[in-house]
Amino acid sequence: MYFNVYYRMYCDGAGNSDPTGECYEGWYCTGASDTPTPADGSNVGGQCTPGYYCPLGSVQMVCTLMLCL
């Protein structure tokens, strides 16, 4: 169980009371991740897909194509 894990951040290891850091650029964290690079399809985030951008500490992918408008 992770406590006080904020969106866009991760906790390295179990039982942390504070986040370790922000998710890496190119990845997004939606909460309770134990790594800055969560696995795709997990309920805690994933890697950005082509056509999207994820800056450091992203909670979701940002569309970079005009088709997204």
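How many residues are touching a strand residue (DSSP E or B) at 6+ places or on another chain (Cβ under 9 Å), small (Gly, Ala, Ser) and in a loop (DSSP other than H, G, I, E, B) if we restrict to the stretch 38-69?
Of the residues in the stretch 38-69, the ones touching a strand residue (DSSP E or B) at 6+ places or on another chain (Cβ under 9 Å) are 38-40, 42, 44-48, 51-65, 68-69.
Now drop any that are not small (Gly, Ala, Ser), which leaves 39, 42, 45-46, 51, 57-58.
Filter once more, so that each one left must be in a loop (DSSP other than H, G, I, E, B): 39, 51, 57.
Counting residues in the stretch 38-69 that are touching a strand residue (DSSP E or B) at 6+ places or on another chain (Cβ under 9 Å), small (Gly, Ala, Ser) and in a loop (DSSP other than H, G, I, E, B) gives 3.
Could you please give the count of residues in the stretch 17-34 that are in a loop (DSSP other than H, G, I, E, B), closer than 20 Å to residue 63 by Cα and of a type outside the set (S, T, N, Q)? It would help to see each step written out before you state the result.
Let us first name the residues in the stretch 17-34 that are in a loop (DSSP other than H, G, I, E, B), namely 17-20, 23-26, 30-32, 34.
This time we only want the ones that are closer than 20 Å to residue 63 by Cα, so: 23-26, 30.
Pick out the ones that are also of a type outside the set (S, T, N, Q) and you get 23-26.
Within the stretch 17-34, residues that are in a loop (DSSP other than H, G, I, E, B), closer than 20 Å to residue 63 by Cα and of a type outside the set (S, T, N, Q) number 4.
Restricting attention to the stretch 18-30 and to residues that are closer than 9 Å to residue 8 by Cα and open to solvent by less than 50 Å² (accessible area, probe 1.4 Å), the residue that is modelled with the lowest pLDDT turns out to be 30. Which of the residues spanning the stretch 31-60 are hydroxyl-bearing (Ser, Thr, Tyr), crowded, with 16+ Cβ neighbours inside 10 Å and touching a Ser or Thr at 6+ places or on another chain (Cβ under 9 Å)? Selection gives 33, 52.
The values are calculated or read from the model by the stated rules, or taken from the named source; none is laboratory data. Nothing here was measured: the structure is a model prediction, and the numbers come from that model. For neighbour counting, all protein chains shown are included, and Cβ atoms are generated from backbone atoms with ideal geometry for every residue, glycine included. Heavy atoms of the whole protein, side chains included, go into the accessibility calculation; ligands, DNA and RNA do not. Shrake-Rupley method; radii C 1.70, N 1.55, O 1.52, S 1.80 Å.
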